[in-house]
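Since the structure comes first, as structure tokens, the remarks are kept for the end.
Since every read-out is calculated from the coordinates, none of them should be taken as a lab result. Just so you know, these numbers come straight off a predicted model, no measurement behind them. Counting neighbours? That spans all protein chains shown, and the Cβs are built from the backbone with ideal geometry, glycine included.
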Amino acid sequence: MAHDTQAVDVVCIGNAIVDVLSHADDAFLEEHGMVKGTMRLIDAESAHALYAAMGPAVESSGGSAANTAAGIASFGGRAAFIGKVANDLLGEVFTHDIRATGVLFDPRELPDDGATGRCFVLVTPDAQRTMNTFLGVSSYLSPRDVDEELVAAAQVVYCEGYLWDEPVAKQALRKGMDVARDAGKKVAFTLSDPFCVDRHRDEFLELAEHRVDILFANEPEICALYATEAWEEAARRVSEHCEIACLTRSEKGSVIVSAAGDHIEIPAFPVDEVIDTTGAGDLYAAGFLYGYTAGRGLEAAGRLGALAASEVISHLGARPERRLAELAEVIE
């Protein structure tokens, strides 16, 4: 496949999802059996029923790793995305939206059967987001969808933990990691969700210790990985496994630890009002990876991550509304 592969800083591999965002109260979550602040997988029938029960909604292209790719592009970085959409209307929406952000997205095949994935995001008055994901064809991502030339040419391949639930998608992620490592490049991985960590703890520990250079996790996820309620214990242990770990703690900011002994605390940027926390971790990863691949130090990269996270939580939706490159000028 002909790409200007030399122009890519980060290749992100993940679920190609269209977000359907709506406001809801706690009673609605309880009525539909949701656990606030988490993500659950639903089938096509449940997707149709939930959509019918929801209030007015806004649709926008999403997916964790795709959000990160869009964030990198908003900083002026060079990002590509590998994911799977169907030959349907939402597939067109996703493809148009991510390309419009400046991200390279060139799917190798568009299946006519099946549907593009979608995530119903319910935002409660406390700005927590509760996600219900119908993966559709996004979970059928396979090793043949992974462009080896593209991955090998990037500085970093960034992989989404959510994909680990599907055996064929897991093979695609492993292929991406292997291609990057064989090319002497870095492998980054996000734990995605504490329930996801619970399902795959042993494999995720193996990844952290042997295959991942840069790990992204929030406080519940990293504590789940090491089966401890003690944040400090989890942070200490991951620093012994990964070259770099970026650990986000909501309003407490973030901590970057490294095998070299770094323990860098990054304060959260102030936000006038938190509207929707959807995408906060995805955009933190975008800022960090942009800074890292641009040769910034860990602290500077972490500040860019915090900046991107603060922008995305100030409005509804998981993609930046303001160009992050312009916001970054004020902190540099």
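If each DSSP helix of 4+ residues adds -39,500 (n - 2.57) and the sum is divided by the residues in the chain, what number results at 222 nm, nearest 500 deg cm²/dmol?
Helix contribution divided over all residues of the chain: -11000 deg cm²/dmol.
Among Gly295, Leu50, Ser138, flag the residue with its Cα farthest along the positive direction of the charge dipole of the chain, charges on Cβ as +1 for Lys/Arg and -1 for Asp/Glu.
Of the options given, the answer is Gly295.
Quick check: from the Cα gyration tensor, does the stretch 90-230 come out rounded (a/c under 1.5), prolate or oblate?
Oblate shape, in that a/c is at least 1.5 and b/c is the bigger or equal ratio.
Mind checking the full-extension length gain between Asp198 and Lys252? Use 0.36 nm per residue of separation minus the Cα-Cα distance, one decimal, nm.
Working it through step by step, the gained length comes to 17.0 nm.
From the square roots a ≥ b ≥ c of the eigenvalues of the alpha-carbon gyration tensor of the stretch 221-332, which class results: rounded (a/c under 1.5), prolate (a/b over b/c), or oblate?
Verdict is oblate for the stretch 221-332.
Note down the net charge around Arg319, summing +1 for each Lys or Arg and -1 for each Asp or Glu among other residues with Cβ under 11 Å from its Cβ.
Counting the neighbours of Arg319, the net charge comes to -4.
Report the number of Lys pairs in the stretch 5-331 whose alpha-carbons are under 26 Å apart, with separation of 8 or more residues or on distinct chains.
Going through the stretch 5-331 pair by pair, I get 9.
Normalised by the residues of the chain, what does the relative contact order come to in percent, with Cα pairs under 8 Å and at least six apart?
Averaging sequence separation for qualifying contacts and normalising by length gives 18 percent for the chain.
At 7 Å along the Cα-to-beta-carbon direction for both Asp43 and Glu149, put a label point, then send me their distance in nm to one decimal.
The answer from the label model is 4.2 nm.
Starting with the fewest neighbours, write out Asp182, Asp88 ranked by other beta-carbon atoms found within 10 Å of each beta-carbon.
Neighbour counts put them in this order, fewest first: Asp182, Asp88.
Using +1 at the C-beta of Lys and Arg and -1 at the C-beta of Asp and Glu, which of Pro107, Thr95, Ser74 has the Cα lying farthest in the positive direction of the dipole of the stretch 68-222?
Checked the options; the winner is Ser74.
When the Cα centres of the stretch 11-58 and the stretch 246-316 are compared, how far apart do they sit, in Å?
Cα centres, the stretch 11-58 to the stretch 246-316: 26 Å.
State, to one decimal in nm, how far the label point of Val58 lies from the label point of Ser142, with both points 7 Å from Cα in the Cβ direction.
Taking the simple label geometry, Val58 and Ser142 are separated by 3.8 nm.
Suppose the chain between Ala7 and Asn87 were pulled fully straight at 0.36 nm per residue; how much longer would it get relative to their current alpha carbon spacing?
Full extension of this stretch gives 26.0 nm more.
With contacts defined as alpha carbon pairs under 8 Å and 6 or more residues apart, what's the relative contact order of the stretch 190-264 in percent?
27
Counting other C-beta atoms within 10 Å, which of Lys36, Lys170, Lys186 has the fewest, and how do the rest follow?
Result, fewest neighbours first: Lys36, Lys170, Lys186.
Does a label point 7 Å from the Cα of Asp106, set along Cα-to-beta-carbon, have any residues of the stretch 139-177 with amide nitrogen under 19 Å, and which are they?
142-158, 176
Using a simple charge model, +1 on the beta-carbon of Lys and Arg, -1 on the beta-carbon of Asp and Glu, nothing else, what dipole does the stretch 5-331 show about its Cα centre, in debye to the nearest 20?
Here the size comes out at about 720 debye.
Go from 0 up to the bin containing the longest alpha carbon distance in the chain, width 20 Å each, and give me the % of pairs per bin.
Over the chain, the share of Cα pairs per 20 Å bin runs 35, 61, 4 percent.
Give the calculated FRET efficiency between Ala227 and Asp272 to the nearest 0.05, with a Förster radius of 41 Å applied to their Cβ-Cβ distance.
For R0 = 41 Å, the calculated efficiency reads 0.60.
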